[in-house]
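The values are calculated or read from the model by the stated rules, or taken from the named source; none is laboratory data. All figures in this text were calculated on a predicted structure; none of them were measured in a lab. Don't worry about glycine lacking a Cβ; one is built from the backbone with ideal geometry, like all the others, and counts go over all protein chains shown. Accessible surface is based on the protein model in full, side chains and every heavy atom, while ligands, DNA and RNA are left aside. Shrake-Rupley method; radii C 1.70, N 1.55, O 1.52, S 1.80 Å.
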Amino acid sequence: MNVDTARQAAELLAPHLAGASEGAVAVLHLDSGRRLIDTSFAEADSAALPVRDILAAALRLESEAVIVGLARPSAGAMPGEADCPDARRLADAAAALGVRLTDLFIFAGEDCHSFRELGLL
């Protein structure tokens with residue numbers, strides 16, 4: 001299955017993150033043709049982006065690109081002040097390893113926002 005749009009990515013991430021009661025991260029791993037290779041999941045502190053875990057899984061799966069979703073049940077889905085530097089740190093670290101951060105979504109309840117659609121990535 002190809003993941004070509006933010007809507008498709010959000011639909012793939014939503015079953016794992018929408019309505020979550022605790023912080024969690026889900027990562028869609030893609031090949032060079034934007035085909036879904038695998039999905040990885042982890043619990044995550046709702047205030048921290050687990051860069052090391054995301055990239056370790058990407059390297060293990062030989063991902064060309066990743067789309068990351070974060071569940072933030074205690075905060076809103078709009079990116080906060082700390083989210084942009086965290087996203088940039090992930091994008092830069094991924095790029096150094098030859099992996100592209102395609103998008104990052106924040107889920108809160110049933111609401112979600114895409115960094116790419118908001119012009120933040």
**Report entry** Of all residues in region 1-43 being out of contact with any His (no Cβ under 8 Å at 6 or more places or on another chain) and of a type in the set (S, T, N, Q), the one that is surrounded by the most Cβ atoms within 10 Å (Cβ to Cβ)
**Finding:** Q8
Query raised in the report: Can you tell me which residues in region 73-120 are within 12 Å of the chain's Cα centre (by Cα) and either closer than 19 Å to G19 by Cα or assigned to a loop (DSSP other than H, G, I, E, B) (or both)?
Result: L104, F105, I106, F107, C112, H113, S114, F115, R116
Query raised in the report: Taking region 66-89 as the region of interest, how many residues are crowded, with 20+ Cβ neighbours inside 10 Å and more than 17 Å from L118 (Cα to Cα)?
Result: 3
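Condition check: at pLDDT 95 or above, part of a loop (DSSP other than H, G, I, E, B), closer than 17 Å to L13 by Cβ and open to solvent by less than 50 Å² (accessible area, probe 1.4 Å). Does S46 satisfy that?
Details: at pLDDT 95 or above: no; part of a loop (DSSP other than H, G, I, E, B): yes; closer than 17 Å to L13 by Cβ: yes; open to solvent by less than 50 Å² (accessible area, probe 1.4 Å): yes.
Considered against the rule, which asks whether it is at pLDDT 95 or above, part of a loop (DSSP other than H, G, I, E, B), closer than 17 Å to L13 by Cβ and open to solvent by less than 50 Å² (accessible area, probe 1.4 Å), S46 comes out as no.
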